[in-house]
1. Going from most exposed to least, what order do 141, 73, 124, 161 have by accessible area with a 1.4 Å probe?
2. Just the number: Rg to Rh for segment 100-163, Cα atoms, Kirkwood Rh, two decimals.
3. If 163, 67 are ordered by their accessible area, calculated over protein heavy atoms with a 1.4 Å probe, which sequence runs from highest to lowest?
4. How do 162, 107 rank by accessible surface area computed with a 1.4 Å probe, from largest to smallest?
Amino acid sequence: MTDLQRIFPVVMLVFLVIACGFTAGCTSSSKSSVSPQSSTLLTDPVNSFSVEKVEVYHFHGNNQCTSCIAVGDLAEKTVTANFKDELASGRLVFAHINAEQPENRALAEKYGVTGSSLWIGVYDANGFHKEQDIKVWYLIDDEDAYSMYLSGIIAGRLNGDLS
């Protein structure tokens, strides 16, 4: 067996690990992004008209990569362009949150944030439900697809669709 044949599987494994890290977004901790307080989002007909508020937060750290910035910028652009009335009424909230700043620690813990991420929180008659949206990372190179996808998710949450 040649040196190349012995080292090739190791090189491929390292490449795979690095590639998986890039597709998952930037993280600042090795903790899982699912906290013990996570809610499972299910479609519930009772919720259809009882959504009080939806929060869309782009959490980030002090240093952001190009993809992290794109996730937040595209989310802000989508929300401000497509949900003006909901933003004005306070029923929808959007913000960029630096999770590394002490004043944002409680909010980051509430959402279970471990790194740069986009989270959606829904307040309804049954309490608080949260979800991290990872699909947006795969859409940052197509602004129209990103906007269409995220607009659909937000509209659904505003209408009580928590699936």
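1. 141, 73, 161, 124
2. Rg/Rh for segment 100-163 comes to 1.01.
3. These residues rank, largest area first, as 163, 67.
4. 107, 162
The values are calculated or read from the model by the stated rules, or taken from the named source; none is laboratory data. What you are looking at is a predicted structure, and each value in this text was computed from that prediction instead of being measured. Side chains included, ligands, DNA and RNA excluded: accessible areas come from the protein's heavy atoms. Shrake-Rupley method; radii C 1.70, N 1.55, O 1.52, S 1.80 Å.
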